[in-house]
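Below: one structure, written as structure tokens.
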Amino acid sequence: MVEGCYLMRNRFRAQEVWERMGFDVAECLEFTEQSPVQQAFRALLFSRIVPCVKDIGLWGEKVQRAYADLGVLDAADSDLEALMRDDEDIAERIEQEHAAEFAARRAEVDAAIASAEP
């Protein structure tokens, strides 16, 4: 699990990209570590993983050290129930929007078919 978290973080650091482009890799990695955009993205990326890991009881010293190293340990203090409720609310709203768009499109297609009938 910890290894997977490091792999996700490293993927967005893009070390291979900097190497292939001939940039100073250390400088680019330092920039990505300090970038507010990358920090916000990393926080969002781990905002569900960290509290879930804690909630299911996999909160040992090794895991906590890894999350501290990744800079996402603060996510452990999140209210997992509230996060999940928010996720459900967002999913429900998106489903409703898609249903409305589908209904509107279907009405449009039905009208086009009806207007083409003799």
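Got a sec? Charge dipole of the chain, +1 on Cβ for Lys and Arg, -1 for Asp and Glu; which of Ile56, Phe23, Ala107 is way out at the positive end?
Among Ile56, Phe23, Ala107, the one farthest towards the positive end of the dipole of the chain is Phe23.
Take the Cβ-Cβ distance between Gln34 and Ala114 as r, set R0 to 41 Å, and report the resulting FRET efficiency rounded to the nearest 0.05. Write down the numbers at each step before the final one.
Numbers: r = 60 Å, r/R0 = 1.47.
Working from the Cβ atoms, E equals 0.10.
Distance between the C-alpha centers of the stretch 52-118 and the stretch 1-44? Whole Å please.
25 Å
From the P(r) of the chain, could you give the percentage of C-alpha pairs in the tail past 24 Å?
Working: 3557 of 6903 pairs.
Value for the chain: 52 percent of Cα pairs lie more than 24 Å apart.
With angles folded into 0 to 90 degrees, how steeply does helix 36-46 sit against the dominant principal axis of the chain? Use alpha carbons for both and round to 10.
Compared with the principal axis, the helix lies near 80 degrees.
So what's the back-of-envelope 222 nm ellipticity for the chain, counting only DSSP H runs of four-plus at -39500 (n - 2.57) apiece and dividing by all residues, rounded to 500?
On the way: 7 runs with 94 residues, N = 118.
Helices in the chain give a 222 nm mean residue ellipticity of -25500 deg cm²/dmol.
Does anyone have the angle between helix 61-70 and the longest principal axis of the chain? Alpha-carbon axes, 0 to 90°, nearest 10?
70 degrees
Select from Phe12, Phe102, Phe23 the residue whose mean-square fluctuation is largest in a Gaussian network model of the chain (Cα-Cα springs shorter than 10 Å).
Phe102
Rounded if a/c is under 1.5, else prolate if a/b beats b/c, else oblate: with a ≥ b ≥ c from the C-alpha gyration tensor eigenvalues square-rooted, which is the stretch 79-118?
Details: a/c = 10.72, a/b = 9.70, b/c = 1.11.
Note, shape of the stretch 79-118 comes out prolate.
Calculate the dipole size of the chain relative to its Cα centre from +1 charges on Lys and Arg beta carbons and -1 charges on Asp and Glu beta carbons; express the result in debye to the nearest 20.
Values: 13 positive and 25 negative charges, 84 e Å.
With Lys and Arg at +1 and Asp and Glu at -1, about 400 debye.
Please name which of Ala76, Tyr6, Pro118 has its Cα lying farthest along the dipole of the chain towards the positive end, using unit charges on Cβ (Lys, Arg +1; Asp, Glu -1) and the Cα centre as origin.
Most positive-ward Cα: Tyr6.
Here, each number is a calculation from the coordinates, and none is a lab measurement. On a predicted model such as this, the values are computed, not experimentally measured, just so you know. Using ideal geometry, Cβ is built from the backbone for each residue, glycine included, and neighbour counts are taken over all protein chains shown.
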